[in-house]
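Okay, structure first, notes after.
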Amino acid sequence: MPAYVTDLYVASQTARELVVVDPSNKGFGISCMIAGLLFLVIGFGTLSYMRIALMRPVHFMLWLIPIVAGAPFVVIGLVSMVNTRIVLSADAGALSVQKTLLSMPVKTAEYPLEQVRLVKVGVGDVCRFLYVSLGDRPAKNLTGCTDRTGYSEVADAMNAFLNANRR
């Protein structure tokens with residue numbers, strides 16, 4: 001298990017399969033969602049209590065204030081609650097990446113193991129990310145850019161798995 005629940009870690013490993021998990025930051029996501037929903041509920045509640053109708057453009061703009069204030073918090077909360085699961089399977093001969101939001105698949109990608117050369121840790125301005133170097137295509141990001149730890153250990157484990165299962 002990782003040191004912190006938000007660290008990238010190897011969830012399970014056998015000779016023929018490696019599973020890596022990039023967990024969501026649930027605490028931050030839930031707090032952003034609560035803040036955004038509070039903006040929306042308090043704003044709409046206040047406007048309803050003041051009985052401001054949508055008759056004039058100024059009134060319409062007043063009804064947009066809670067949406068403009070609360071929606072960014074809700075979106076940030078949803079984005080920070082995305083889980084990434086990376087599976088390297090020698091039996092299937094593929095590296096698959098599945099991103100889920102609230103246990104529903106959002107995005108999936110699959111790369112044949114023959115094309116995967118190396119898994120590397122990329123460094124942004126203030127963050128790190130995992131990306132895969134492919135044989136005949138440009139490199140692809142596997143995870144988002146975060147300030148979490150565990151990227152080097154996971155990349156080393158994935159590269160060791162790839163080297164052990166080369167044909």
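The values are calculated or read from the model by the stated rules, or taken from the named source; none is laboratory data. Just so it is clear, the model here is predicted, and its values are computed rather than measured. Positions of Cβ are generated from backbone atoms using ideal geometry, with glycine treated the same way; all protein chains shown enter the neighbour counts.
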The condition from (1) assigned to a loop (DSSP other than H, G, I, E, B); (2) surrounded by 11 or more Cβ atoms within 10 Å (Cβ to Cβ); (3) assigned by TED's automatic domain parsing to the domain that holds Gly93 that Ala15 misses is numbered (2)
For the condition small (Gly, Ala, Ser), on the phi < 0 side of the Ramachandran plot and within 19 Å of the chain's Cα centre (by Cα), what is the one hit in Ala53, Ala15, Ala69, Ala11?
Ala11
Positions within the range 68-98 being part of a loop (DSSP other than H, G, I, E, B) and crowded, with 18+ Cβ neighbours inside 10 Å, in sequence order:
Ser80, Met81, Ala90
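Listed here are the residues, each with its yes/no results for (1) under 20 Å from Ser89 (Cα atoms); (2) touching a helix residue (DSSP H, G or I) at 6+ places or on another chain (Cβ under 8 Å); (3) of a type in the set (Lys, Arg); (4) part of a strand (DSSP E or B).
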residue: Val126; (1), (2), (3), (4): no, no, no, no
residue: Phe129; (1), (2), (3), (4): no, yes, no, yes
residue: Glu153; (1), (2), (3), (4): yes, no, no, no
residue: Asn159; (1), (2), (3), (4): yes, no, no, no
residue: Asn163; (1), (2), (3), (4): yes, no, no, no
Please state which of the following conditions Val41 fails to meet, knowing it meets all the rest: (1) closer than 26 Å to Thr149 by Cβ; (2) not assigned by TED's automatic domain parsing to the domain that holds Gly150; (3) not basic (Lys, Arg).
(1)
Checking Pro23 against (1) within 25 Å of the chain's Cα centre (by Cα); (2) more than 20 Å from Val154 (Cβ to Cβ): exactly one of these is not met. Which one?
(2)
Quick one: in the range 134-147, of everything that is within 20 Å of the chain's Cα centre (by Cα) and surrounded by 13 or more Cβ atoms within 10 Å (Cβ to Cβ), which residue is farthest from Met81 (Cα to Cα)?
Ala139
Select from the range 18-63 the residues that are hydrophobic (A, V, I, L, M, F, W, C) and surrounded by fewer than 12 Cβ atoms within 10 Å (Cβ to Cβ) and write down the one among them that is farthest from Ser80 (Cα to Cα).
Met55
Taking first residues from the range 96-123 that are at positive phi and second residues anywhere that are modelled with pLDDT of 85 or more, the pairs with Cβ under 7 Å that are 6 or more apart or on different chains are Leu102/Met81
